[in-house]
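The values are calculated or read from the model by the stated rules, or taken from the named source; none is laboratory data. Everything quoted here is computed from the prediction, not taken from an experiment. Neighbour counts run over all protein chains shown; Cβ positions are idealised from the backbone, glycine included.
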Amino acid sequence: MRALLNIIMTLLAFIVFGQQKESDKQLDEATNLIFTNPEKSARISTRMLQEAKDYPTRITALSKLVNAQMVLGDIGQVIVNCSKGIVMAKENKDTVNQIRFLSMLGNQYQQINMNADAKKNLDEAENLINSAPLPKDLLFIQGNVYNVKGIVFKSELNCEFAIKYFDKALAVYNALPDEEVTLTNRLLIDIQKAHCLESIGKIQEAEQLYTEVLESKNNGLGYNRYFASVGLISIYLKRGELDKAGQLLKTINVNDFIQYDLELTSLYYRSMAEYSYLHKNYQSYLYYFDKYNQTLLNIYKSRDEMIERLVINNTANFIQKTNNNIMWNLVVIVLMIIIFTISSLFFYRFSIKKTVG
């Protein structure tokens, strides 16, 4: 599901900053390389961030750096740099970028199941939106905040609240022009919403949404279309419609996503295991059930590694900050000793002169 989020977040960045005049060729190059060569894009953005003096260039460079790091899957650095972006935006009274970085930060925390931190940042973003409504050309950001918040509630199995926020996001996207980016994101939200509808027993509504996604001609979905496929297969299997499930399973090419999306891979293996079991093909069932369990273990392992890296980075930053504070305190103490010594010598000499006089 991370791919779903990254598509939304990355496209959002282009829309926001596409409204600014990009005169710097290096920043243009960083933009063009985000997907094709994210490492180089990150290097260019980092250099521009360090060299630039004006706020617009620095915040633009930081945005491109964050997007490149999202493509690279470096959640720890994305969190660090989103936090920097929030501070920079606050200092410059830039509500739009504050909302945007809060939204991306919430998204990153959600991906590693740190939902309390995710909601904290998303709530702050939503409060800013409510206090200072965004202009029409930036409504995309508002839709994104609602969507990510819906995903957080979905991951907590609170599907009623999730659907509420998915609907709020769809209301925003429906008010935007029917461009490919907007249509893609509507379909991505429909997939999430359909999953929640299925979870609370609204099977017909879920089936309708899954079907609409699969019948759409939108190419922007890529392999994310398969999320709708496995969702619809789940419904068919529950109803005992094995032929329909089997036909749809044949349309899924696991090689399209096995290297990129562990969650989708696990859903596919689970569907194959259930289909095999209902067909009484127990050998196939055991094979796919084992694949499913292995993928789940990889998901948990990957998530734990991300959290561990985040903790290590935070600890390193804390130690560095502590060391800097210690050094500063030592400098202050030394200066105070010098000042005290000079003052003491001055008063001592003054008192000697006064005594002699």
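Across region 268-322, what is the number of residues that are at pLDDT 70 or above, of a type in the set (A, V, I, L, M) and under 30 Å from G76 (Cα atoms)?
3
Within the group I189, I233, which residue is in contact with a Lys or Arg (Cβ under 9 Å, 6 or more places away or on another chain) and at pLDDT 95 or above? Step through it out loud before you land on a result.
Values: I189 fails: in contact with a Lys or Arg (Cβ under 9 Å, 6 or more places away or on another chain).
I233 is the lone residue from the list that is in contact with a Lys or Arg (Cβ under 9 Å, 6 or more places away or on another chain) and at pLDDT 95 or above.
Give the residue that is surrounded by the fewest Cβ atoms within 10 Å (Cβ to Cβ), with candidates limited to residues of region 259-269 that are touching a residue at least 24 places away in the same chain (Cβ under 8 Å) and either part of a loop (DSSP other than H, G, I, E, B) or not hydroxyl-bearing (S, T, Y) (or both). Write out each step before concluding.
So the first thing to find is which residues in region 259-269 are touching a residue at least 24 places away in the same chain (Cβ under 8 Å), and the list is 260-269.
Of the ones still in play, those that are also either part of a loop (DSSP other than H, G, I, E, B) or not hydroxyl-bearing (S, T, Y) (or both) are 260-264, 267.
Numbers: Y260: 13, D261: 20, L262: 21, E263: 16, L264: 25, L267: 23.
If we take residues in region 259-269 being touching a residue at least 24 places away in the same chain (Cβ under 8 Å) and either part of a loop (DSSP other than H, G, I, E, B) or not hydroxyl-bearing (S, T, Y) (or both), then Y260 is surrounded by the fewest Cβ atoms within 10 Å (Cβ to Cβ).
Yes or no, residue by residue, for (1) among the basic types (K, R); (2) touching an Asp or Glu at 6+ places or on another chain (Cβ under 7 Å); (3) touching a residue at least 40 places away in the same chain (Cβ under 8 Å):
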{"residue": "G201", "(1), (2), (3)": "no, no, no"}
{"residue": "L209", "(1), (2), (3)": "no, yes, no"}
{"residue": "E215", "(1), (2), (3)": "no, no, no"}
{"residue": "G220", "(1), (2), (3)": "no, yes, yes"}
{"residue": "L232", "(1), (2), (3)": "no, yes, no"}
{"residue": "Y236", "(1), (2), (3)": "no, no, no"}
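For region 121-142, indicate whether the set of residues that are at pLDDT 90 or above, farther than 27 Å from L197 by Cα and in contact with a Leu (Cβ under 6 Å, 6 or more places away or on another chain) is non-empty.
yes
(1) surrounded by 16 or more Cβ atoms within 10 Å (Cβ to Cβ); (2) closer than 17 Å to K168 by Cβ: which one isn't true of D123, the others all being true?
(1)
State all residues of region 157-171 that are touching a Phe, Trp or Tyr at 6+ places or on another chain (Cβ under 7 Å) and surrounded by fewer than 21 Cβ atoms within 10 Å (Cβ to Cβ); if no residue qualifies, say none.
Looking only at region 157-171, we keep the residues that are touching a Phe, Trp or Tyr at 6+ places or on another chain (Cβ under 7 Å), and these are 161-162, 165, 168-169.
Scanning region 157-171 gives F161, K168.
If we only count helices (runs of 4 or more DSSP H) wholly inside region 97-210, which ones have 3 or more residues that are of a type in the set (D, E)?
115-131, 180-199
Report yes if I189 is touching a residue at least 60 places away in the same chain (Cβ under 8 Å), under 20 Å from G231 (Cβ atoms) and surrounded by 20 or more Cβ atoms within 10 Å (Cβ to Cβ), otherwise no. Let's see the steps before the verdict.
Numbers: touching a residue at least 60 places away in the same chain (Cβ under 8 Å): no; under 20 Å from G231 (Cβ atoms): yes; surrounded by 20 or more Cβ atoms within 10 Å (Cβ to Cβ): yes.
The answer is no for I189.
Could you please tell me which pairs satisfy a Cβ distance under 8 Å, a separation of 6+ or placement on different chains, a first residue in region 110-137 that is over 15 Å from K90 (Cβ atoms), and a second residue that is in a helix (DSSP H, G or I) and aromatic (F, W, Y)?
Final answer for the pair search is N115/Y109; D117/Y109; A118/Y109; E126/Y146.
Within region 211-241, restricting attention to residues that are basic (K, R) and in a helix (DSSP H, G or I), which residue is surrounded by the fewest Cβ atoms within 10 Å (Cβ to Cβ)? Spell out the reasoning first.
Step one: list which residues in region 211-241 are basic (K, R), which gives 217, 225, 238-239.
Okay, now just the ones that are also in a helix (DSSP H, G or I), so 225, 238.
On the way: R225: 20, K238: 12.
In this case the residue turns out to be K238.
Could you tell me how many of the residues in region 278-306 are within 14 Å of E263 (Cβ to Cβ), hydroxyl-bearing (S, T, Y) and crowded, with 16+ Cβ neighbours inside 10 Å?
Within region 278-306, residues that are within 14 Å of E263 (Cβ to Cβ), hydroxyl-bearing (S, T, Y) and crowded, with 16+ Cβ neighbours inside 10 Å number 2.
Take E180 and decide whether it is surrounded by fewer than 20 Cβ atoms within 10 Å (Cβ to Cβ) and acidic (D, E).
Values: surrounded by fewer than 20 Cβ atoms within 10 Å (Cβ to Cβ): yes; acidic (D, E): yes.
Yes: the conditions hold for E180.
Does N130 qualify as being under 23 Å from P177 (Cα atoms) and over 11 Å from the mean Cα position of the chain (by Cα)?
Values: under 23 Å from P177 (Cα atoms): yes; over 11 Å from the mean Cα position of the chain (by Cα): yes.
Considered against the rule, which asks whether it is under 23 Å from P177 (Cα atoms) and over 11 Å from the mean Cα position of the chain (by Cα), N130 comes out as yes.
Confirm whether S83 is surrounded by fewer than 23 Cβ atoms within 10 Å (Cβ to Cβ) and either in a helix (DSSP H, G or I) or without any contact (Cβ under 8 Å) to a residue 60 or more places away in the chain (or both). Outline the logic, then answer.
Numbers: surrounded by fewer than 23 Cβ atoms within 10 Å (Cβ to Cβ): yes; either in a helix (DSSP H, G or I) or without any contact (Cβ under 8 Å) to a residue 60 or more places away in the chain (or both): yes.
For S83, the condition - surrounded by fewer than 23 Cβ atoms within 10 Å (Cβ to Cβ) and either in a helix (DSSP H, G or I) or without any contact (Cβ under 8 Å) to a residue 60 or more places away in the chain (or both) - is met.
Would you point out which residue out of N144, N113 is at positive phi and under 16 Å from the mean Cα position of the chain (by Cα)?
N113
Looking at I163, is it in contact with a Lys or Arg (Cβ under 7 Å, 6 or more places away or on another chain) and among the aliphatic types (A, V, I, L, M)? So that I can check it myself, show each step before the final result.
Details: in contact with a Lys or Arg (Cβ under 7 Å, 6 or more places away or on another chain): yes; among the aliphatic types (A, V, I, L, M): yes.
Taking the combined requirement at face value, the residue satisfies it.
Restricting attention to region 242-258, does a residue exist that is of a type in the set (S, T, Y), within 25 Å of Y146 (Cβ to Cβ) and either modelled with pLDDT of 90 or more or not in a helix (DSSP H, G or I) (or both)? Write out each step before concluding.
Residues of region 242-258 that are of a type in the set (S, T, Y), as a first pass: 251.
Restricting the remaining residues to those that are within 25 Å of Y146 (Cβ to Cβ) gives none.
Scanning region 242-258, I find no residue that is of a type in the set (S, T, Y), within 25 Å of Y146 (Cβ to Cβ) and either modelled with pLDDT of 90 or more or not in a helix (DSSP H, G or I) (or both), so the answer is no.
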